[in-house]
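> Below is one structure. I have some questions about it.
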Amino acid sequence: MARWPLYPVTVVGSWPRPAWLLDAMKKKRTDLRQLQDDATLLAIKLQEDAGVDIVSDGEQRRDNFYSFICERLDGIRLMTMADLLEYVEDKAAFENLLSALDVPAFAIKNPTVVGKLSRRAPLVLDDYHFLRAHTKKPVKVTLPGPYLLSRSSWVKNLSEAAYPTRELLADDVVGILRDEIRELAAAGADVVQLDEPVLSELVFAGKSATRTFMCAALAASASPEKELDFAVDLVNRVVDGIDGPVLALHVCRGNWSQKEDVLLQGSYDALIPHFRRMRVQQFVLEYATPRAGSLEALRDLPAGALVGFGAVNPRTTEIEPPAEIAARVRRLAGIISPERIHLNPDCGFGTFADRPVATADVASAKLQALAAAATVLRA
Ligand SMILES: [Zn+2]
């Protein structure tokens, strides 16, 4: 029945793109598609060689973990932070914020809604088929979550003609993600993961911060409680009644910089009550970074929910010793049963194409460490 061994090793999604792919993306070369195929085959091979049990396509076709949807949807356009500066309410404050948080305004692009959304092409179904055709391992497919998408892509001055409110946009976002996941389920995807990093901005940004940069969470938020209720509702509407794949939710505290001190900090405690209301089967969480707080919080996850345990830090170059990883996993296995534990890095290794947090060599070595730890744990 089990699709994978005990303590399966997996990834959060992205893999650092090779230099030749980045160059081709920049130049928009006509053979980009072929090069993306090649880079994907390489990402799959490196994961398999490292001992990963549930592989992803490394998101090699994406500019970042959510911006790629612009190529596949009508009504949404990629804009750089520099473009958006013209439209945010407090331009100077936003610019200061980006620089304080080590985010170059030109480097990160935000999908921005400028018309009615519709699927021009599948978001990830074609990528899934390619992945499936090139590995015998179970596979994970990642999608940006409905809260992230409706929060970050609704920029009042640009979006309100098509969608007077963010809630109306969210209705269409939910429909699009549902259609996609239903198709992935029918096609046999093993794990479908929704990435919702902005949830951590709601609970960890602190009372002093009026607005933080968190994967371009541009729209001012209502109270955190209201926003979390909204997010829970959207996630539940997306996954409602879909059977087949393990439906997972990834929440980290940001993966845009190697400077740990600019990233958000805080225990998952504050999110657990909201996780408990979400009808997903797995929570993919970061625990290699000390910013993530205590494991004890996981005791209160819904009974039976799987945990994707972040056990290596994608932003550091030192490789975590397998014995240490195994010791930390054993501590978790004293809190939730071993059958519920998957092993993964805290986040992707190349969330943003231009600013990967790791090299492919480091990423490989970290996954090998996870696999070595899994071997010890299984024995
Ligand atoms: Zn993440």
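> Mind pulling the per residue volume of the convex hull built on the Cα atoms of segment 1-77? Å³ is fine.
It is 121 Å³ per residue.
> Additional query: Given 10 °C and 1.306 mPa s, compute D for segment 238-379 with the Stokes-Einstein relation, Rh being the Kirkwood radius over Cα pairs; round to the nearest whole µm²/s. Before the final figure, lay out the partial values.
Numbers: Rh = 15.7 Å.
Once the numbers are plugged in, D ends up at 101 µm²/s.
> Right, something else. Hey, what number do you get for the chain at 222 nm if only DSSP H runs of n ≥ 4 count, each worth -39500 (n - 2.57), divided across all residues, to the nearest 500?
Result for the chain: -11500 deg cm²/dmol, rounded to the nearest 500.
> List, in order, the whole-Hz ³J(HN,Hα) value for each residue of segment 309-320 obtained from phi through the Karplus relation with A = 6.51, B = -1.76, C = 1.60 and θ = phi - 60°; use x for Gly and Pro.
Whole-Hz 3J(HN,Hα) from phi for segment 309-320: 8, x, 10, 9, 8, x, 9, 10, 9, 6, 8, 5.
> Find the all-direction average of the projected area of the Cα convex hull for the chain, expressing the result in square nanometres with one decimal place.
Projected over every direction and averaged, the Cα hull of the chain covers 16.9 nm².
> Then there is this: Placing +1 at every Lys and Arg Cβ and -1 at every Asp and Glu Cβ, with all other atoms neutral, what dipole size does the chain have around its Cα centre, in debye to the nearest 20?
360 debye
> Going by accessible area, probe 1.4 Å, with all protein chains left in place, what is the ranking of Asp361, Asp126, largest first?
Reading off the accessible areas and sorting them downward yields Asp361, Asp126.
> When the solvent-accessible surface of protein heavy atoms is calculated with a 1.4 angstrom probe, in what order do Ser223, Ser56 fall, highest first?
Greatest to least solvent exposure: Ser223, Ser56.
> Scanning the chain for GluC sites (Glu not before Pro) in DSSP loops with at most 13 other Cβ atoms within 10 Å, what's the longest stretch left with none?
No qualifying site falls inside 90-317, the longest such stretch.
> Could you sort out which of Lys27/Lys91; Lys45/Lys109; Lys116/Lys136; Lys226/Lys366 sit more than 32 Å apart by Cα distance in this structure? Write out the running numbers ahead of the final one.
Numbers: Lys27/Lys91 30 Å; Lys45/Lys109 29 Å; Lys116/Lys136 39 Å; Lys226/Lys366 38 Å.
In this structure, Lys116/Lys136; Lys226/Lys366 lie more than 32 Å apart at Cα.
> Roughly what would the spin-label model give for Ser118 and Glu95, points 7 Å off Cα along C-beta, in nm?
Placing both labels 7 Å beyond Cα along the Cβ direction yields 4.0 nm.
> So, in nm, how far is label Lys45 from label Asp354 when the simple model puts each one 7 Å beyond its Cα toward the Cβ?
About 3.0 nm, to one decimal.
> Provide the per residue accessible area, probe 1.4 Å, for the chain, rounded to a whole number of square angstrom. The partial results should precede the final answer.
On the way: 14580 Å² over 379 residues.
Computed with neighbouring chains in place, this is 38 Å² per residue.
> Viscosity 1.306 mPa s, temperature 10 °C: Stokes-Einstein D of segment 153-192 from its Kirkwood Cα radius, in µm² per second?
Roughly 137 µm²/s, to the nearest whole number.
> OK, next. Please identify which residues in segment 337-352 have an amide N closer than 17 Å to a label point set 7 Å out from the Cα of Arg29, following the Cα→Cβ vector.
none
> Of all the accessible heavy-atom surface of segment 297-379, with the other protein chains kept in place and a 1.4 Å probe, what percent is carbon and sulfur? Could the numbers behind the result be given before it?
Values: 1650 of 3060 Å².
C and S fraction of accessible area: 54 percent.
The values are calculated or read from the model by the stated rules, or taken from the named source; none is laboratory data. Note that the structure is predicted; figures quoted are calculated from it, not measured. Cβ sites come from the backbone with ideal geometry, for glycine too, and all protein chains shown count toward neighbours. Side chains are part of the model used for accessible areas, which takes the heavy atoms of the whole protein and leaves out ligands, DNA and RNA. Shrake-Rupley method; radii C 1.70, N 1.55, O 1.52, S 1.80 Å.
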